[in-house]
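Only one structure is covered here, and it is reproduced in the block below.
The values are calculated or read from the model by the stated rules, or taken from the named source; none is laboratory data. Computed from a predicted model, the values in this text were never measured in an experiment. Cβ placement follows ideal geometry from the backbone for every residue including glycine, while neighbour counts extend to all protein chains displayed. Surface accessibility is based on the protein's heavy atoms, side chains included, excluding ligands, DNA and RNA. Shrake-Rupley method; radii C 1.70, N 1.55, O 1.52, S 1.80 Å.
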Amino acid sequence: MQIGRVIGDVVATRKDPAYHGITLLVVQPLGASREPQGRPIVAVDSVGAGVGEHVFFVRGKEASFPFHPTEVAADAGIVGILDHWTVGE
Amino acid sequence: MQIGRVIGDVVATRKDPAYHGITLLVVQPLGASREPQGRPIVAVDSVGAGVGEHVFFVRGKEASFPFHPTEVAADAGIVGILDHWTVGE
Amino acid sequence: MQIGRVIGDVVATRKDPAYHGITLLVVQPLGASREPQGRPIVAVDSVGAGVGEHVFFVRGKEASFPFHPTEVAADAGIVGILDHWTVGE
Amino acid sequence: MQIGRVIGDVVATRKDPAYHGITLLVVQPLGASREPQGRPIVAVDSVGAGVGEHVFFVRGKEASFPFHPTEVAADAGIVGILDHWTVGE
Amino acid sequence: MQIGRVIGDVVATRKDPAYHGITLLVVQPLGASREPQGRPIVAVDSVGAGVGEHVFFVRGKEASFPFHPTEVAADAGIVGILDHWTVGE
């Protein structure tokens, strides 16, 4: 999984029907010093994250597991909201 | 998923038969400031996107879900057309 | 899928038996201006591509779909030869 | 798989229920000269790794194999602790 | 698949039990001019490759196919040793 910050959301009225009722958030991946790194991604959210929160997200088919048995065509999903994370040593 | 802009299309008469009748579009992934970032990809389209539109697309096997039960050998698919997306904070 | 140009081939006598009889080509991925971008990949070919041709290829397990029911341990496969591709706007 | 060093951990009380009781560690991927390279990732741990240890980790759905039959929505997992690794020639 | 050179090996006594008896090699991916490019990866080996040899390897779940029916949590596997590869035009 990767660490990111929720930086926005998307509105799409024309989309694959499997997405109806599912929240889509824009997440900016973060580097080790918490700086933005790489392209933002659009993730499905199953944990109720909000803009500004630090989260960890999963890539690949696993992103749709929390929505089972609905088969969402998702490749990125927020699976946890970080209370804190420490990078030591 | 990732955000991109449809920038073109491809014509291929010799291709895997599973692609027949399926629209293939060239999508340029975008960064947080909506600038082009990374290589363009060729995506299957199930939502009727057109050149110039902003879309979000999915990578991996999930790209073929909207065409089920046809098994398309696709690893990228447009699954939504963006009305707008906001990147705040 | 991604756009690339076939730039060579590989010869490997010691390989996983599932590859026997399958053509392996070296493909250079291309950027939006058709310049080489990123590492070349080795792809299985099911459409009869040749050196110098522009193709589109698929990554991941989907690369083996055209060889079904043979289970090829492939993660990249040429699935179409481009007649032309336009990148506008 | 990739080589990395465990550099921290994460605390997340709001997360996908499948993660309960599973250790999440922050791993920094390493380059050939053992220098940090690329973004840190959050990995599930099935081998008891600790901060400071060199490990190898797997990406993708395979990360959840050691937790079978639990279906963890994980895309990165530590699968071994390195005693040593040599890069010669 | 990608082209690489075997540059070392790893020793790990604490690891996922599915790896027991399986050779793990460090492979450096190569660019079009055969220069090192990107992070080294740790790959399972089913073809008997040795340090210094040029190989092609597969990413993803496909890496475990040659070990079937053993379910190895591997995302990279050497599937062929290159006799030679030509990059022309």
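Scanning the range D:65-82 for residues that are surrounded by fewer than 24 Cβ atoms within 10 Å (Cβ to Cβ), closer than 20 Å to E:Lys61 by Cβ and either within 12 Å of the chain's Cα centre (by Cα) or at the interface with chain E (Cβ under 7 Å from one of its Cβ atoms) (or both) turns up D:Phe65, D:Pro66.
All conditions but one from (1) open to solvent by less than 30 Å² (accessible area, probe 1.4 Å); (2) within 11 Å of the chain's Cα centre (by Cα) apply to B:Asp9; the one that does not is (1). Applying the criterion of being open to solvent by less than 30 Å² (accessible area, probe 1.4 Å) and facing another protein chain (nearest Cβ under 7 Å) to the residues of the range C:19-33, the residue that is nearest to the chain's Cα centre (by Cα) is C:Val26. Does any residue of the range C:37-58 turn out to be open to solvent by 10 Å² or more (accessible area, probe 1.4 Å), assigned to a strand (DSSP E or B), within 10 Å of chain B (Cβ to nearest Cβ) and modelled with pLDDT of 95 or more? Yes, that holds for at least one residue.
Within the range E:64-71, can one find any residue that is part of a loop (DSSP other than H, G, I, E, B) and touching a residue at least 24 places away in the same chain (Cβ under 8 Å)? Looking through the range E:64-71, at least one residue is part of a loop (DSSP other than H, G, I, E, B) and touching a residue at least 24 places away in the same chain (Cβ under 8 Å).
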